[in-house]
1. Going by accessible area, probe 1.4 Å, with all protein chains left in place, what is the ranking of GLU168, GLU11, GLU53, largest first?
2. Apply the a/c threshold of 1.5 to the C-alpha gyration tensor of the range 18-116 and tell me whether it is rounded, prolate or oblate.
3. Using protein chains only and a probe of 1.4 angstrom, how many square angstrom of PHE244 are accessible, to the nearest 10?
4. With θ set to phi - 60° and the Karplus curve 6.51 cos²θ - 1.76 cosθ + 1.60, what are the ³J(HN,Hα) couplings of the range 63-73 in order, to the nearest whole Hz, using x for Gly and Pro?
5. Calculate, for the chain, the solvent-accessible area per residue in square angstrom, rolling a 1.4 angstrom probe over the heavy atoms of the protein chains.
6. Summarise the accessible area of the range 30-96 (1.4 Å probe, protein heavy atoms) by the percent that is carbon and sulfur.
7. Highest GNM mean-square fluctuation, the chain, Cα pairs closer than 10 Å: which of ALA185, ALA83, ALA156?
8. Where the centre of each part is set by its Cα atoms, how far does the range 3-76 sit from the range 199-232, in angstrom?
Amino acid sequence: MSTASDRNFIEHLTWDGVAKRIDNGAAAVLPVGAGAKQHGFHLPMNADRIQAEWLAARIVDRIDGVIWPTVSYGYYPAFVDYAGSASLSGPTFESLIREIAAGIIGYGCRALFVLDTGISTLEPVDRALARLGSPDALHLKIHDGPRYRRAAAQLAGQSHGSHADELETSHMLVLAPHLVDMARAEASPPLRHETPGPLTPSDPTSPNYSRSGSFGDPTLATRAKGEILLAAMVDDMVEQASAFLAARATASTESTHRSHRSAPP
């Protein structure tokens, strides 16, 4: 991360510096992005973490916020057949998110945004925040915003994809081009039919076979596509976060007014 954004990552601050930011109204962002998950032959294992931290930094450039250390272990069962890929069980990951989120909210942050770069992590994070039961937490799902979905539909040339594919590789060509080896990018086999289940590098008869680990066609990726996709993604999440903060501020004001009206003279 750039020096300019270091002040927004709590790991670069002192504890009283964190307290001051929270007291001054900073929201919190908790990035979720794998640090040990295969991303084909051409992308590093920490591609999700790189994306999560970059996106978090861009968001708090536009809303006042501080960023907690990235949760880099999660529920990623589709990739464990590929060396080095780590996955927690669903319940363990869910408990991890809930406990971290509870701690962050307990410090008095005006809001918590859990910024989730995964797909298999979406439901466990939803459950964790539901069980947390706090109105101050919001799950930001990086692929769900209307701008991103529209841009992806317009730009994608691949017939299918969702992992280390054309779109994700385009992101990484912007964020960390020195870590992308396009000479090794390899498309997954044509999709005969959508079949739930983990990818496999060793069973060519499986409908989820992928020798490289990609699911889609990363050879179609370009930096230009990545710039459009990332800008759309950031705009979507800033809009969601800003609307959430505005709604929480309104709710807080109304609650204060109700308390004053009900107070004895």
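The values are calculated or read from the model by the stated rules, or taken from the named source; none is laboratory data. Note that the structure is a prediction, hence the values are computed from the model and not measured. Using ideal geometry, Cβ is built from the backbone for each residue, glycine included, and neighbour counts are taken over all protein chains shown. Note: accessible area is taken over every heavy atom of the protein model, side chains too, but ligands, DNA and RNA are not part of it. Shrake-Rupley method; radii C 1.70, N 1.55, O 1.52, S 1.80 Å.
1. Values: GLU168 20, GLU11 115, GLU53 45 Å².
Output order, biggest surface exposure first: GLU11, GLU53, GLU168.
2. Numbers: a/c = 3.78, a/b = 1.73, b/c = 2.19.
Since a/c reaches 1.5 but b/c is at least a/b, the shape of the range 18-116 is classed as oblate.
3. 40
4. Result, rounded to whole Hz: 10, 6, x, 10, 10, 7, x, 5, 7, 9, 10.
5. Working: 12500 Å² over 265 residues.
On a per-residue basis, the chain sits at 47 Å².
6. Details: 1230 of 2220 Å².
That share works out to 55 percent.
7. Result: ALA83 has the largest fluctuation of those listed.
8. 25
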